[in-house]
Amino acid sequence: MAATQEKSLFLANLDTLKAAGLSGPATAVLRIGEPVMTRTSAEEPGGPNLLQGGAPLYTPDAAQAAFAQVESYLKRPVRHLSTFTGVPEKTELLSHEAIRKVLGGMQGQSLNPTPDPETGYLVCFGLGLGLHLPLLQQALPFRTLVVVEENPEFLLHSLHTVDWTALDAACKARGGRLHLILSKDAQSVADTLLREMRGPEFPMIDGSYIYQHYTSPFLDKSIDALREAMPIIEANDGFFEDEQIMLDQACRNFLRNDFFLLTEAPTPRPLKPMPVFVVGSGPSLDRNIEDIRRNRENVILMSCGTSLRPLLEAGMVPDFHSEIENVEDIGTIIGMLSREHDLSGIPLIAANTVKQSVLDKFDRKILYWRDTVVPTRLLASQEDTLSMTGPTVTNLAIRAAISMGFYEFYLFGIDLGSPDPDRHHAKASVYNATDDEYWKSGAAMEPFVIEQPGNMGGTIYTNRPFLLTKFFFETLFSRFPNHHFFNCSHGVRFEHATPIVSSTLEAMPAEIPGPELVDKCLGELTDVKAGGLVPVERLEEYRSALVERFDNLGALCERASETDFDTLLAEIRSMIAPVSYRTEYSTKSAVDTLISGTITTILHFGYFMVRRIPKDDRPRFMSLFTEALHDAVGAMRVRALALTDELIEERRAQ
């Protein structure tokens with residue numbers, strides 16, 4: 001290829017990247033001064049290649065190497081295959097009811113062992129010169145192409161060689177996208193893949209292709225990070241029933257309580273010169289409790305969920321207590337504990353969605369807008385929300401303390417597992433303070449069957465929900481590199497948190513007494529009076545948006561029984577925006593959040609089944625599937641409008 005043609009191709013490709021929202025990689029390429037590698041074209045002796053120190057990277061050349069590699073891959077492609085083990089018989093979730101209806105009508109149906117070749121994604125680890133990309137796109141029917149690369153210089157040479165505009169156009173023609181992750185941080189790659197694979201093609205993860213172009217420690221680690229993240233990537237995107245509860249409880253909390261509102265301040269709050277001990281109720285809290293007591297007077301002590309009882313039983317009243325869950329169990333636990341101890345003087349940090357029975361036990365209430373949930377999408381603005389507060393109460397405690405200005409953290413009892421698979425909580429936690437089998441089991445906790453490296457060495461046994469928590473902890477720690485995180489727990493090891501033996505800790509005498517610092521934190525927050533955050537006009541707008549969306553979904557379901565699954569997906573995607581792509585705070589976004597998790601769960605099931613069912617049986621499946629989806633949509637409509645009408649009536653009555 002002549003130099004002028006290469007230059008034209010390069011400039012056109014840069015424009016394509018920028019138009020695709022990939023300005024970061026494009027800028028990284030433009031910043032390269034003198035390339036280390038040289039590039040040869042197909043017209044030159046030896047064919048297209050990359051040379052480093054005069055030595056070719058491909059043998060015999062890049063084109064032949066790419067063809068041979070792709071040819072070998074196609075014989076045994078690496079695919080991510082989702083699993084489906086059925087749904088519980090006793091749950092009343094609308095998504096489970098829909099799935100049970102379809103399965104009931106398809107009893108005895110045979111399934112092919114592997115799905116159709118069509119799928120949502122191809123994730124390519126390693127770019128090199130990139131000649132394998134058009135070959136893969138021509139051979140495999142995926143929609144979205146995601147390329148992971150650590151070396152900007154490979155992208156520089158690829159943009160001079162491969163038609164990225166054609167790659168992008170082919171993805172769009174299939175209903176997908178082109179995405180490029182240029183990073184040297186495997187955790188960042190995992191974070192980005194989590195967002196991208198939970199994007200518009202989220203229901204079509206099953207059967208996605210995984211391709212590795214070359215090996216390197218970074219790419220190997222990135223692939224491992226993707227494998228670890230896949231259970232998280234495929235996790236449910238919320239569900240209708242839970243979102244209804246959160247809308248109900250958040251609105252009524254705002255209507256009935258005075259409280260302090262914790263938001264992300266426009267400018268950082270003043271730094272607080274005192275270390276924070278964040279305490280979970282994992283088994284290792286038992287061995288750390290005396291070291292916490294020894295340093296108590298010189299630290300801010302934060303209890304998280306069920307760690308409140310072990311601390312109070314040890315004679316330590318925390319400076320803050322945190323709660324995040326909206327379930328009845330939390331109200332039960334707090335009620336039990338309030339009969340043993342006076343909780344009223346402890347400042348409570350809680351999600352806007354917790355139960356009123358929890359708030360009732362604390363005089364000083366700090367609420368925050370829990371991001372991504374319906375009431376926050378409906379009633380807040382983006383700058384009000386506090387991101388990365390979940391999925392557990394321990395995540396919340398650290399994130400809230402960061403927002404209040406603290407910067408030095410020590411983690412206790414945040415084990416996320418145990419060296420003994422049968423031990424799940426500290427001895428003094430509520431789980432071990434009763435003969436009730438439900439609590440003794442860890443409130444029906446998943447068994448610890450997954451092995452992970454221990455923070456203090458050895459092996460820790462954990463489960464999938466705790467792996468999700470670990471992932472979000474590591475993301476939180478990496479987002480605040482100027483803060484200091486020390487892990488004193490004897491549980492799983494966290495990236496970006498330094499292991500430290502608690503017996504070595506000796507907190508310096510405090511510059512400001514703890515109670516005075518707590519008062520200072522509260523004084524920096526917004527004081528909100530009951531009813532101030534729930535305008536009736538917003539609820540009425542939300543009701544209108546619900547009616548419009550359910551009308552459209554109902555009409556789609558009625559006409560979809562005669563179509564194929566791909567056509568249904570193409571039409572429904574605009575009505576169920578994925579959570580990772582919701583950036584606005586509006587009535588539309590609130591409706592998206594309300595319905596998308598349940599509908600996406602049903603679509604995941606449908607996509608899994610329809611591509612394994614013999615083709616002659618697919619029309620019968622589609623008839624059953626669209627009928628079940630239509631019933632679920634109808635039930636959501638009735639329940640959503642009923643709750644909204646109740647909230648409008650209560651707000652008007654104030």
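The values are calculated or read from the model by the stated rules, or taken from the named source; none is laboratory data. Note that the coordinates shown come from a computational prediction; the quantities given were computed from them, not determined experimentally. Heads up, the Cβs are rebuilt from the backbone with ideal geometry, glycines too, and the neighbour counts pull from every protein chain shown. Each accessible area value is taken on the protein alone, full model and side chains, heavy atoms only, with ligands, DNA and RNA left out. Shrake-Rupley method; radii C 1.70, N 1.55, O 1.52, S 1.80 Å.
For region 567-586, the criterion of being assigned to a helix (DSSP H, G or I) and more than 25 Å from Gly199 (Cα to Cα) is met by no residue.
Residues in region 245-281 that are under 26 Å from the mean Cα position of the chain (by Cα) and either open to solvent by 10 Å² or more (accessible area, probe 1.4 Å) or of a type in the set (Ser, Thr, Tyr) (or both): Ile245, Asp248, Gln249, Leu261, Thr263, Glu264, Ala265, Pro266, Pro268, Ser281. Screening Gly104 on (1) open to solvent by less than 60 Å² (accessible area, probe 1.4 Å); (2) in contact (Cβ under 8 Å) with a residue 60 or more places away in the chain; (3) within 27 Å of Asp566 (Cα to Cα); (4) part of a helix (DSSP H, G or I) shows it passes everything except condition (2).
Quickly run through region 495-521 and pick out the residues that are closer than 30 Å to Ala225 by Cβ, touching a Leu at 6+ places or on another chain (Cβ under 9 Å) and at pLDDT below 95. If the condition is that a residue be closer than 30 Å to Ala225 by Cβ, touching a Leu at 6+ places or on another chain (Cβ under 9 Å) and at pLDDT below 95, then His496 is the only one that fits.
Taking every residue in region 195-208 that is surrounded by 21 or more Cβ atoms within 10 Å (Cβ to Cβ) and in a helix (DSSP H, G or I) and pairing it with any residue that is of a type in the set (Phe, Trp, Tyr) and modelled with pLDDT of 80 or more, at least 6 positions away or on another chain, the pairs with Cβ-Cβ distances below 7 Å are Met197/Tyr121; Pro203/Tyr607; Met204/Tyr607.
Just so you know, in region 329-354 the residues that are under 24 Å from the mean Cα position of the chain (by Cα) and outside any loop (DSSP other than H, G, I, E, B) include one that is nearest to Ala380 (Cα to Cα), and it is Ala351. Residues that are more than 30 Å from Arg174 (Cα to Cα), surrounded by 14 or more Cβ atoms within 10 Å (Cβ to Cβ) and small (Gly, Ala, Ser) are absent from region 80-91.
In the set Val638, Val633, only one residue is part of a helix (DSSP H, G or I), closer than 21 Å to Glu97 by Cβ and free of Cβ contacts under 8 Å to residues at least 24 places away in the same chain; that residue is Val638.
One line per residue, one yes/no per condition, for (1) of a type in the set (S, T, N, Q); (2) more than 23 Å from Ser281 (Cβ to Cβ):
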| position | (1), (2) |
| --- | --- |
| Lys361 | no, no |
| Lys365 | no, no |
| Asp371 | no, yes |
| Leu379 | no, yes |
| Glu383 | no, yes |
| Leu396 | no, no |
| Phe412 | no, no |
| Ser418 | yes, no |
| Ala428 | no, no |
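So in region 1-14, with the set limited to residues that are surrounded by 13 or more Cβ atoms within 10 Å (Cβ to Cβ) and not small (Gly, Ala, Ser), which one is farthest from the chain's Cα centre (by Cα)? Checking each candidate, the answer is Met1. Residues that are assigned to a helix (DSSP H, G or I), surrounded by 16 or more Cβ atoms within 10 Å (Cβ to Cβ) and touching a residue at least 60 places away in the same chain (Cβ under 8 Å) within region 544-561 comprise Leu546, Phe550, Leu553, Cys557, Ala560, listed in sequence order. Residues of region 226-246 that are modelled with pLDDT of 85 or more and among the hydrophobic types (A, V, I, L, M, F, W, C): Leu226, Phe239, Phe240, Ile245, Met246.
Sort out which residues of region 211-244 are under 24 Å from Leu81 (Cβ atoms), more than 14 Å from the chain's Cα centre (by Cα) and surrounded by fewer than 18 Cβ atoms within 10 Å (Cβ to Cβ), and write them in order of number. Within region 211-244, Thr215, Asp220, Lys221, Asp224, Arg227 meet the criteria. When restricted to residues that are at pLDDT 80 or above and either out of contact with any helix residue (DSSP H, G or I) (no Cβ under 9 Å at 6 or more places or on another chain) or assigned to a loop (DSSP other than H, G, I, E, B) (or both), region 424-469 contains 20. Restricting attention to region 284-328, the residues that are assigned to a loop (DSSP other than H, G, I, E, B), within 28 Å of Gly457 (Cα to Cα) and not hydrophobic (A, V, I, L, M, F, W, C) total 1. Picking from residues in region 282-321 that are over 24 Å from Lys355 (Cβ atoms) and among the β-branched types (Val, Ile, Thr), the one that is most open to solvent (accessible area, probe 1.4 Å) is Ile289. Under the condition of being closer than 15 Å to Gln249 by Cα and more than 24 Å from the chain's Cα centre (by Cα), the residues counted in region 355-364 number 5. Among the residues of region 153-194, those that are open to solvent by 30 Å² or more (accessible area, probe 1.4 Å), under 23 Å from Asp220 (Cβ atoms) and assigned to a loop (DSSP other than H, G, I, E, B) comprise Lys184, Asp185. Scanning region 526-543 for residues that are outside any helix (DSSP H, G or I) and open to solvent by less than 20 Å² (accessible area, probe 1.4 Å) yields Val528, Gly531, Val534. Residues that are assigned to a helix (DSSP H, G or I) and open to solvent by less than 80 Å² (accessible area, probe 1.4 Å) within region 505-525 comprise Gly514, Leu517, Val518, Cys521, Leu522, Gly523, listed in sequence order. A count restricted to region 212-244 and to residues that are touching a Ser or Thr at 6+ places or on another chain (Cβ under 7 Å) and either free of Cβ contacts under 8 Å to residues at least 40 places away in the same chain or outside any loop (DSSP other than H, G, I, E, B) (or both) stands at 2.
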